[in-house]
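First up is the structure itself, then whatever we jot down about it.
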Amino acid sequence: MASTKSADVFVVDDDLAICESISSLLRSIGLKVKTFSSGLSFLNAAELEHPDCVILDVRLQGESGLDLPTIMRSKNIDSPVVFISGHGDIKMSVSAMKTGALDFLAKPFRDQELIDSVAMSIKQCNQRRNTSEMLASLRTRYATLTMRERQVMTHAVNGLMNKQIASILELSEVTVKIHRKQAMDKMCAKTFADLVKMEVMLADGITQ
């Protein structure tokens, strides 16, 4: 559990006893926990703090927890969600997972089940944020490329040889080689394979 140390977990449940029980358990393994009794109070805090994991009761007083993941996405809150419910059945668990939740636990659940789900959520959150940071860095580097360098880079990663690129762009082969090297230097690509991976990541990031 070392990788989960200092992670932030939000617990959303209108049952105070459940909130206190979960909070005590997770704090005992080094996590920082905040509890909320309503979806609105949770959303207001999550929009500012973006927790690493959200433990969310399916049924909250006067509202459905199943609606919250959609609202979270609309507010760019990308925290993984673990649903819990004291009235769990197959239909409800399917509905919960269709919202994009990472896991669904029926009460009463074992402490270790919850700990495992939270650990998995935090790991996913860290991976997602690392990817976002990497993509932001790539976009910053890509922005420094000239139009010609971008054109050469795109054609190169699509498998065209320098001679073919030169013909398409009406440049000399020497000029293409220069642009290609400059693109690799600016993108901090140690190998051509690295450059290909960067292009793919940029393309995927743009379409998401």
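With K and R counted +1 and D and E -1, the other residues having a Cβ less than 12 Å from that of THR144 yield a net charge of +2.
Modelled this way, with points 7 Å down the Cα-to-C-beta line, the labels at THR144 and SER64 are 5.0 nm from one another.
Residue-normalised convex hull volume from the C-alpha trace of segment 62-119: 85 Å³ per residue. Panel order for THR140, THR175, by other beta carbons found within 10 Å of each beta carbon, from fewest to most: THR140, THR175. With K and R counted +1 and D and E -1, the other residues having a Cβ less than 9 Å from that of MET153 yield a net charge of 0.
In loop segments of segment 111-181 as defined by DSSP, the GluC sites (Glu not before Pro) with at most 15 further C-beta atoms inside 10 Å of their C-beta are GLU170.
Under 5 Å between amide hydrogens, built in the peptide plane, is the criterion, and for LEU56 it picks out VAL12, VAL82, PHE83, ILE84 among residues at least 5 positions away or on other chains. In bins 5 Å wide, starting from 0, what share of all Cα pairs of segment 144-207 does each bin hold, as a percent? Bins of 5 Å from zero give 3, 20, 31, 26, 14, 5, 1 percent of pairs. The sum of -39500 (n - 2.57) across all DSSP H runs of n ≥ 4, divided by the residue count of the chain, sets its helix-only mean residue ellipticity at 222 nm to -18500 deg cm²/dmol. Phi angles across segment 58-64 convert, under the Karplus curve 6.51 cos²θ - 1.76 cosθ + 1.60 with θ = phi - 60°, into 3J(HN,Hα) values of 5, 10, 10, 4, x, 7, 9 Hz, Gly and Pro given as x.
If Lys and Arg each add +1 and Asp and Glu each add -1, what is the summed charge of the other residues whose beta carbon sits under 11 Å from the beta carbon of ALA45? Summing Lys/Arg as +1 and Asp/Glu as -1 gives -2. The longest part of the chain holding none of the exposed loop trypsin sites (Lys or Arg not before Pro), meaning those outside H, G, I, E and B in DSSP with at most 13 other Cβ atoms within 10 Å, is 111-189. Each Lys and Arg Cβ is given +1 and each Asp and Glu Cβ -1; about its Cα centre, the chain then shows a dipole of about 1080 debye. Extent of segment 96-205 along its three principal axes (Cα atoms, max minus min coordinate, largest first): 71, 23, 20 Å. Taking amide H as placed 1.01 Å from N in the peptide plane, THR35 has its amide H under 5 Å from the amide H of VAL11, each at least 5 places away in sequence or on another chain.
Above 31 Å lies some portion of the pair distances; for the chain, what is it as a whole percent of all C-alpha pairs? So the pairs more than 31 Å apart make up 40 percent of the total in the chain.
Read the figures in this text as sums done on the coordinates, not as results from a lab. The shown structure was predicted, so the numbers you read here are calculated from the model rather than taken from an experiment. We place every Cβ from the backbone using ideal geometry, glycine too, and count neighbours over all the protein chains shown.
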